[in-house]
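Written below as structure tokens is the structure these notes are about.
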Amino acid sequence: MVNHATITDSPAILTPVPALSDNYIWMVQKNGHVIIVDPGESAPIEALLTHGLILEAILITHHHGDHVGGVRALQQLTGARVYGPATETLPYCDVPLREGDVVQLPGTGVRLEVLDIPGHTAGHIAYHGLLDAQTHVLFCGDTLFAAGCGRLFEGTPAQMLESLSKLGNLPPDTLVCCGHEYTVANIRWALQVEPDNVALQQRARDAAHLRTQGLPTVPSSIAAELQTNPFLRTTYAQIGNAASHYAATMLETPQAIFACLRQWKNDFK
């Protein structure tokens, strides 16, 4: 089921389009134009384009197949311009991007800045900016999840911690548009780390309610992640204590705490 979340006081529509088993292709629709982020397959977007929408741009955050599987077919079908990380091998890319670059999309009026956020993959990027005068948005692929973060396939704990810190410094009201519906499972683990976190307990109830209705739990917000995501809370004493207890040794630095948390999450069933 697709949840159409209309941005307040704006004709822009931000939609997480379900794809594959648990992916989301993010879609921004405005003025009859569409931007999509990380199309792991083409069919869900092709179905939506039959309504007369013009695909203006395809944005890619990283090279994994479940984020790029539909890129070539959609580009060939529509001629949409494809943007993606400069240092990763992609099926197709018109505009390679690095941190500091800006993506200006006149059809929708959206302007997005690029951040380098290595860790999940070596060349992973994110896009952040404004959907309208007041609504901040972040397309972060598989780096930051609701109550979680991506596995370290190509990067180091230090890289991922720096990348997450960069995202955590964005405006608190920024909408966090991640690549997967992992929230309920992530919260189950996060409650093992921080069982007394009242905000996390409430988030668990809210997420479970949404999923029983077949609705997405995302977008999240930076504020919610700072309150409930252990990977963004490595400087808090209770997180360090929990990680040290799990590791059976005193962990002194945020990097060591993060590395322990990531391994804990990897092993969690």
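Things to note:
- Note on the stretch 86-118: among residues that are touching a strand residue (DSSP E or B) at 6+ places or on another chain (Cβ under 7 Å) and of a type in the set (S, T, N, Q), the one that is farthest from Gln134 (Cα to Cα) is Gln104.
- Residue check for Glu162: part of a loop (DSSP other than H, G, I, E, B) and surrounded by fewer than 22 Cβ atoms within 10 Å (Cβ to Cβ): no
- Considering residues of the stretch 185-220 that are closer than 15 Å to Pro18 by Cβ and over 14 Å from the mean Cα position of the chain (by Cα) only, the residue surrounded by the most Cβ atoms within 10 Å (Cβ to Cβ): Leu210
- Residues that are under 20 Å from Cys140 (Cβ atoms) and either modelled with pLDDT under 95 or buried (at least 21 other Cβ atoms within 10 Å of the Cβ) (or both) within the stretch 47-63 comprise Ala57, Ile58, Leu59, Ile60, Thr61, His62, listed in sequence order.
- Scanning the stretch 236-252 for residues that are at pLDDT 95 or above and not aliphatic (A, V, I, L, M), we see that the one that is farthest from Ala146 (Cα to Cα) is Thr249.
- Qualifying positions in the stretch 136-157 - under 16 Å from the mean Cα position of the chain (by Cα) and assigned to a loop (DSSP other than H, G, I, E, B): Asp142, Thr143, Ala146, Ala147, Gly150, Arg151, Leu152
- Taking first residues from the stretch 70-84 that are touching a residue at least 12 places away in the same chain (Cβ under 8 Å) and partners that are polar (S, T, N, Q) and part of a loop (DSSP other than H, G, I, E, B), the Cβ contacts under 7 Å between residues at least 6 apart in sequence or on separate chains come to Gly70/Ser42; Ala73/Ser42; Leu74/Ser42.
- The residue of the stretch 14-46 that is modelled with the lowest pLDDT, among those that are surrounded by fewer than 24 Cβ atoms within 10 Å (Cβ to Cβ) and charged (D, E, K, R), is Lys30.
- Hey, Asp132 at pLDDT below 95 and among the charged types (D, E, K, R) or not: yes
- Output for the stretch 204-224, where each listed residue is closer than 24 Å to Gln263 by Cβ and touching a strand residue (DSSP E or B) at 6+ places or on another chain (Cβ under 9 Å): Ser220
- The set of residues in the stretch 108-134 that are part of a loop (DSSP other than H, G, I, E, B) and either of a type in the set (A, V, I, L, M, F, W, C) or out of contact with any Lys or Arg (no Cβ under 8 Å at 6 or more places or on another chain) (or both) comprises Ile117, Pro118, Gly119, Thr121, Ala122, Gly123, His124, Leu131, Asp132, Ala133, Gln134.
- Flag for Glu88 being touching a residue at least 12 places away in the same chain (Cβ under 8 Å), assigned to a strand (DSSP E or B), acidic (Asp, Glu) and surrounded by fewer than 22 Cβ atoms within 10 Å (Cβ to Cβ): no
- Tally of residues being part of a helix (DSSP H, G or I) and either exposed (fewer than 15 other Cβ atoms within 10 Å of the Cβ) or small (Gly, Ala, Ser) (or both) across the stretch 242-269: 9
The values are calculated or read from the model by the stated rules, or taken from the named source; none is laboratory data. A quick note: this is a predicted structure, and the numbers were derived from the prediction, not measured. Heads up, the Cβs are rebuilt from the backbone with ideal geometry, glycines too, and the neighbour counts pull from every protein chain shown.
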